[in-house]
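Input: one structure, supplied below.
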2 protein chains.
Amino acid sequence: MTGRPTLAVVGATGAVGTVILQILSQHADIWGEIRLIASPRSAGRKLAVRGAEVEVVALGEEAFDGVDIAMFDVPDEVSAHWAPVAAAKGAVVVDNSGAFRMDPDVPLVVPEVNPHAVRNRPRGIIANPNCTTLSMIVAVGALHAEFGLRELVVSSYQAVSGAGRAGVETLRQQIALVAGSELGTSPGDVRRAVGENTGPFPEPVALNVVPWAGSLAADGWSSEEMKVRDESRKILSLPQLPVAVTCVRVPVVTGHSLTLHARFEGEVTVDRAREILATAPGVVLCDDPAAGEFPTPADVVGTDPTWVGRVRRALDDPTALELFVCGDNLRKGAALNTAQIAELVATEFQ
Amino acid sequence: MTGRPTLAVVGATGAVGTVILQILSQHADIWGEIRLIASPRSAGRKLAVRGAEVEVVALGEEAFDGVDIAMFDVPDEVSAHWAPVAAAKGAVVVDNSGAFRMDPDVPLVVPEVNPHAVRNRPRGIIANPNCTTLSMIVAVGALHAEFGLRELVVSSYQAVSGAGRAGVETLRQQIALVAGSELGTSPGDVRRAVGENTGPFPEPVALNVVPWAGSLAADGWSSEEMKVRDESRKILSLPQLPVAVTCVRVPVVTGHSLTLHARFEGEVTVDRAREILATAPGVVLCDDPAAGEFPTPADVVGTDPTWVGRVRRALDDPTALELFVCGDNLRKGAALNTAQIAELVATEFQ
C-alpha cells in the first residue's frame, strides 16, 4: 500500500459531515480522491472540499469501489449495515456512530490518548467516541497518565447541535419565541410559548435546562450517560473505573461543557495538574479566574482543543481535582477526531 | 410576648423582597403590622401586601421601633450594619445576606432540616442560606436523615435571577441581540454581538454557560462554591463533610438546578430513596424518565418545593446516589425560606 489513499466521507451532507469537509480543506492534503457519499436523496448535490466542487454519490456497495479509508457519520442503523460492507470491500472504516463503540473487536480511539489501539482492528472498523466523552477525555487522559485515575464524577452542559441540525433549528425557533418577552418567570410560560415545538428534546430548551440526552437505558440511566461511562473506561483501558455521569442539555448552539470531579491514586497538586494540562497535546489551559479567564462554549466554538479551566484541588480530599472543560462537540467531539483517526491510518499507506 | 407580632421587611422593593410580599399575601396571615423598609431612594413608594397598599419607609434606627421580627434582604454590607441595630432594638432578625451565615453565634436554618436551631440565637439574628444551597438542601437533608451522608459532589446550573434584577435584564437584552441570528456557531460571535453588555456576569450568558458565580475565594474557588460547601456542613451539622462544588451560570431566568453525587454510610437502594423523597416535606419527586418526567427550571419556577428527578444508584458504588434537583431560587432559595423561618419564630409570640 503506497501513495495517496482514497478517502470516502459517508454522511457528507450532515451537520458533522459539513465540518469534516471544512477540516479536510484545512488540514495538510494527504488524500488522493475524496469521495462524498450520502443518502440517494442528496446524490447529485455538489459540495466544496479542498477548494473544488465534488458531486455527492448515493450510498451503495459500488460507492466503496477502490476506497482505502471510509469515514462514516450516519445514524447507528445505517453504520451497522454499511460499515461492514465497506470493510468487506477493503476499506478501513472510521465510524462515528454508536453501533460499534463497545464491540470488543473494534478499537475506540482518541489519537492523543490511545493511538496504538488503531492498529488492532480485526473487523476493519475503528470507532470514534461519543461527543460528550470526547469533550473531556483528552484532558482526563493527560491527568490519568501521570496521576492514575481512580474515580470520575461528570456533569454535562451539552449543546443542542449534539442532536444534529434539528436540535439547532429547534433552539433558534424557541429563542425567537421567547425573545423580547417576560417569559421564564412564571411556571409553565416557556412551555406554553414553545408549545409542541420541542424538536428532538423532551422539554423546551430555551430559557431552560433539560436533564436528559439520548434514550432510556436500564435503571433510569440515559444512553448518553452510559456512553460516557463505558467509553471512558474503554479508551483509558480502565474497565473497572467508577464513573458517575448526569447529562443535561443547555441552550447553547455548539460547545459541550463538563464539570469533572476526578480522584487519583495519590495526592495531587494544582500546580502539577496545571503543568500537565498546559503542555498536553490537544489541551489548552485557560484558568485565571482573578483575571476573569475560564473557558465558555461561546469562546471555544470552532476551535480544535479541549479547553480546561477552574482547576482546583478538592478542599476535603488531597487526591481529587475539580475541573471545568469545554470543547467543540462538532469538531473534537466528532469531525476532528474522526479526521485524526483517518490521518493516523493513512500513515500506513505511505 | 403574645398576640400578633409586628413584622418588618427590609429590602422590600428588591427582587427577593417582591417575592416576600407575594408570599406574605398568600400564606396564613399571622402578622400584626407589616412594615416595609427600603433605601431612602425608595421611601414613599406604595407596595401591595395582604391586599392593601403599604407605604415604604426609609431604613433607619427608628424604622425598627416596635418591630418583633425583621426580615432582611439587602446587600451584605447593609445587613452587617443594620441587622445588629434591629436586634439591639429587640427584633429577631432573619437575614438573607451572607454577612452572618458562618457566624458561630448565628444559626443557619432550613425549617425542614434543622428547625430546632432557630431557638439558639445569641445575637438575635438567624441566617437564611444562599439560594444555591437552599435549592438542594431539603432533599439532601431528607436522604441524610435516613442514610447518613458521607460525601457530596455538586454541579450547579444557576439562573440569572440569582444575580438580582440586573442579571435578568442582562439575559433579556442578550437574548434579544442573538434571536433570529445565526450566532453561536462561530468563535466569538456571541461575544461580539453582546459587546460589553455582560451586566453582573464576566462573560455573555445568552447561548452560553459561564463557570463562575460570586467573587474569588482562596485557591481558585468562587465564593458561591465555598458557600455551598460551608453552609451545607453547618445546616446538616456535619462539619467535616467532604463537599466538592462547581458553580455554573446558565441562560435560565429563574430556577436553580443541581446535579448531585451523594455517597452515604452504607448501601442504598433507589426504591427506598424514592420513598424518602416522595414523602419528605418540601420535596416533590418527579422521576419517570420513561414517561419523559424529570424536573426542569421552566416547570418549577414559581413553585415552593425542591423537585427531584433522575434518581439513580451509582453503577459502580452501591453507597452512592445520582440526583438532579430543581428549585425556584427566589422562593425556597430566598423569600420562602426567610418567610418560613419568620413564621417559626412567630410561634414564640403566641
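Any read-out appearing in this document is the output of simple, stated calculations on the displayed coordinates, not a laboratory observation. On a predicted model such as this, the values are computed, not experimentally measured, just so you know. Every residue, glycine among them, receives a Cβ derived from its backbone with ideal geometry; neighbour counts consider all protein chains shown.
Top mean-square fluctuation among A:PRO289, A:PRO239, A:PRO111, Gaussian network model of chain A, C-alpha springs under 10 Å?
A:PRO289
Could you please state, rounded to a whole Å, how far the C-alpha centre of the stretch B:293-347 is from the C-alpha centre of the stretch A:1-32?
Answer, in whole Å: 48.
Rounded to the nearest 20 debye, what is the charge dipole size of chain B about its Cα centre when +1 sits on each Lys and Arg Cβ and -1 on each Asp and Glu Cβ? Numbers along the way, then the final one.
Working: 29 positive and 42 negative charges, 69 e Å.
Charge dipole, chain B, about its Cα centre: 320 debye, nearest 20.
Here's a follow-up. Give the shape of the protein assembly as shown as rounded, prolate or oblate, defined through the alpha-carbon gyration tensor: a ≥ b ≥ c are the square roots of its eigenvalues, a/c under 1.5 means rounded, and otherwise the shape is prolate if a/b is larger than b/c and oblate if not.
Numbers: a/c = 2.41, a/b = 1.99, b/c = 1.21.
Prolate is the answer for the protein assembly as shown, as a/c is 1.5 or above and a/b outweighs b/c.
Another question about this same structure. Counting other beta carbons within 10 Å of each residue's own, what order do A:CYS286, A:CYS247, B:CYS131 fall into, fewest first?
On the way: A:CYS286 21, A:CYS247 29, B:CYS131 26.
Result, fewest neighbours first: A:CYS286, B:CYS131, A:CYS247.
Still on this structure, please answer the following. If you filter the stretch B:24-57 for trypsin sites (Lys or Arg not before Pro), then keep DSSP loop positions with at most 13 other Cβ within 10 Å, what is left?
Answer in residue order: B:ARG50.
Considering amide H positions built from the backbone, and no H for Pro or chain starts, which residues 5 or more places from B:VAL284, or on another chain, come under 5 Å of its amide H?
Counting only residues 5 or more places away or on other chains, the set is B:THR306, B:TRP307, B:VAL308.
Long-range amide H contacts for A:LEU330: which residues qualify at under 5 Å (H placed 1.01 Å from N, peptide plane, sequence gap of 5 or more or a different chain)?
A:GLY255
With springs only between Cα atoms under 10 Å, which of B:LEU315, B:LEU258, B:LEU149 fluctuates most in a Gaussian network model of chain B?
In the Gaussian network model the winner is B:LEU315.
How long is the gain from A:LYS46 to A:ILE30 if the chain were fully straight, where each residue apart is worth 0.36 nm and the alpha carbon distance is subtracted?
On the way: separation 16, 0.36 × 16 = 5.76 nm, distance 2.16 nm.
Extra length from A:LYS46 to A:ILE30 when fully extended: 3.6 nm.
Amide H to amide H, which residues 5 or more places from B:VAL92 or on other chains are under 5 Å from it, using H placed in the peptide plane?
Under 5 Å from the amide H of B:VAL92: B:ILE69, B:ALA70.
Give me the dipole magnitude in Debye, nearest 20, for the stretch A:72-112 about the Cα centre, with unit charges on the beta carbon: positive for Lys and Arg, negative for Asp and Glu.
160 debye
Only sites in a loop by DSSP and with at most 13 other Cβ atoms within 10 Å count here; which GluC sites (Glu not before Pro) in the stretch B:240-287 make the cut? Working shown, then result.
Values: sites: B:GLU265, B:GLU267, B:GLU275; in loops: B:GLU265, B:GLU267.
Sites meeting the loop and neighbour criteria: B:GLU265, B:GLU267.
Also: For a quick check of your reading of the filter: which GluC sites (Glu not before Pro) in the stretch A:157-215 sit in a DSSP loop and have no more than 15 other Cβ atoms within 10 Å? Present the calculation step by step, with values, prior to reporting the outcome.
Working: sites: A:GLU169, A:GLU182, A:GLU196; in loops: A:GLU182, A:GLU196.
Answer by residue number: A:GLU182, A:GLU196.
Give me the distance between the Cα centres of the stretch A:40-65 and the stretch A:113-186, rounded to whole Å.
Taking the Cα centre of the stretch A:113-186 as reference, the centre of the stretch A:40-65 is 28 Å away.
Restricting to bridges with both residues inside chain A, how much of the DSSP beta-bridge set is antiparallel, in percent to the nearest 5? Don't jump to the answer; show the numbers that get you there.
Working: 28 of 54 bridges.
Expressed as a percentage, antiparallel bridges in chain A total about 50.
What does the C-alpha gyration tensor say about the overall shape of the stretch B:1-112? Classify as rounded when a/c is under 1.5, otherwise prolate if a/b is larger than b/c, or oblate. Could the numbers behind the result be given before it?
Values: a/c = 1.42, a/b = 1.23, b/c = 1.15.
Rounded, because the longest to shortest axis ratio a/c is under 1.5.
If the cut-off is a Cα-Cα distance under 26 Å, which lysines reach A:LYS227, setting aside same-chain residues fewer than 8 apart in sequence?
Those lysines meeting the cut-off are A:LYS332.
Please state the charge dipole magnitude for the protein assembly as shown, taken about the Cα centre, from unit charges on C-beta atoms (+1 on K and R, -1 on D and E), reported in debye and rounded to the nearest 20. Show your work: numbers first, answer last.
On the way: 58 positive and 84 negative charges, 97 e Å.
Dipole about the Cα centre, nearest 20: 460 debye.
For the stretch B:65-159, just say rounded, prolate or oblate: build the C-alpha gyration tensor, square-root its eigenvalues into a ≥ b ≥ c, call rounded for a/c under 1.5, and beyond that prolate if a/b exceeds b/c, oblate if not.
Working: a/c = 2.70, a/b = 1.75, b/c = 1.54.
Judged from the Cα gyration tensor, the stretch B:65-159 comes out prolate (a/c at least 1.5, a/b above b/c).
When only Cα pairs under 8 Å and 6 or more residues apart are kept, what is the percent relative contact order across the stretch A:178-334?
Numbers: 247 pairs, mean separation 30.2, N = 157.
Normalised by residue count, the contact order of the stretch A:178-334 is 19 percent.
From the helices alone, meaning DSSP H stretches of at least four residues, give me the mean residue ellipticity at 222 nm for chain A, per-run term -39500 (n - 2.57), in deg cm²/dmol to the nearest 500. Let's see the in-between values first.
Details: 9 runs with 101 residues, N = 350.
Helix contribution divided over all residues of chain A: -9000 deg cm²/dmol.
Pairs of Cα atoms under 8 Å, at least six residues apart: use those to get the relative contact order of the stretch B:44-156, whole percent. It would help to have the intermediate numbers written out before the result.
Numbers: 150 pairs, mean separation 20.9, N = 113.
Computed over the stretch B:44-156, the figure is 18 percent.
Ordered shortest first, which distances in nm separate the 7 Å Cα→C-beta label point of B:ALA80 from those of the other copies?
Label point to label point, same position, other copies: 6.3 nm.
If you don't mind, there's one more thing I want to ask. Given a Förster distance of 22 angstrom, what is the FRET efficiency for B:ARG123 paired with B:ASP65, based on the Cβ-Cβ distance and rounded to 0.05?
Working: r = 20 Å, r/R0 = 0.92.
About 0.65, to the nearest 0.05.
Select from A:PRO295, A:PRO122, A:PRO200 the residue whose mean-square fluctuation is largest in a Gaussian network model of chain A (Cα-Cα springs shorter than 10 Å).
A:PRO122
What are the label-to-label distances in nm, one decimal and shortest first, from B:GLY51 to the same spot in the other copies, with labels 7 Å along Cα to Cβ?
Computed spacing set for this position: 8.0 nm.
Please tell me the relative contact order of chain B in percent, rounded to the nearest whole number, where contacts are Cα pairs under 8 Å and at least six residues apart.
Details: 780 pairs, mean separation 67.9, N = 350.
This gives 19 percent for chain B.
Among DSSP bridges having both ends in the protein assembly as shown, what percentage is antiparallel? Round to the nearest 5. Provide the component values of the computation, followed by the final result.
Working: 56 of 108 bridges.
Once the DSSP bridges in the protein assembly as shown are tallied, antiparallel ones form about 50 percent.
What's the extension gain from A:ALA80 to A:GLU293 if we count 0.36 nm per residue and subtract their Cα-Cα distance?
Length gained, A:ALA80 through A:GLU293: 72.4 nm.
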